1. If you scale each eigenvalue of the Cα gyration tensor by 5 and take the root, what three semi-axes come out for the stretch 3-110, rounded to whole angstrom and sorted largest first?
2. On a full-extension model of 0.36 nm per residue, what is the gain between LYS96 and ASP18, subtracting their alpha-carbon distance, rounded to one decimal in nm?
3. When the Karplus curve 6.51 cos²θ - 1.76 cosθ + 1.60 is applied with θ = phi - 60°, which whole-Hz ³J(HN,Hα) does each residue of the stretch 46-52 get, with x for Gly and Pro?
4. What number, in percent, do you get for the relative contact order of the chain if the mean sequence gap of Cα pairs under 8 Å and at least 6 apart is divided by its residue count?
5. Can you tell me the alpha carbon radius of gyration of the stretch 1-46 divided by the globular rule-of-thumb value 2.2 N^0.38 Å?
6. Could you give log10 I(q)/I(0) at q = 0.14 Å⁻¹ for the stretch 38-93, computed by the Debye formula over C-alpha point scatterers of equal weight, without solvent?
Amino acid sequence: MPTTAENYGNLTVVAVQDGLDSENSSQFREVLSERLQAGARWFVIDFSKAHSLDSEGLETLLWLLDTTKAAGGNVKAAELDKNLQKIFEMTRFDRKMELFGSIHDAVKSLR
């Protein structure tokens, strides 16, 4: 399964297992839609096991950001490898979503 999610109170940590690309963006969106419908508004996306990100993945992240911010929540990204961090910088996504070196730091920023 490319995406898993665990709830910690009102916070959800979503782990992207392989990457966020055209192959698994719809499954990622499905998992997040379920969490949003259940009332989740605070998300940390764990990229520690992800190695790819394409335009469809970025579009899905933008959808999540827009949806959560409209509901009063937020999204943070954690543990991006150098390649993913470069993609975030080149697309200026690092200006839309805060990036953290660890999941712990990202979670702390939302509390």
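Values in this text are rule-based calculations from the coordinates and carry no lab data. These numbers were taken from a predicted model, which means no experiment stands behind them.
1. Ellipsoid half-lengths, sorted descending, are 19, 15, 13 Å.
2. 25.8 nm
3. So the Karplus estimates, Gly and Pro as x, are 8, 9, 4, 10, 9, 10, 9 Hz.
4. Relative contact order of the chain: 25 percent.
5. Details: Rg = 10.1 Å, N = 46, 2.2 N^0.38 = 9.4 Å.
Compactness ratio reported: 1.07.
6. So the normalised log intensities work out to -0.38.
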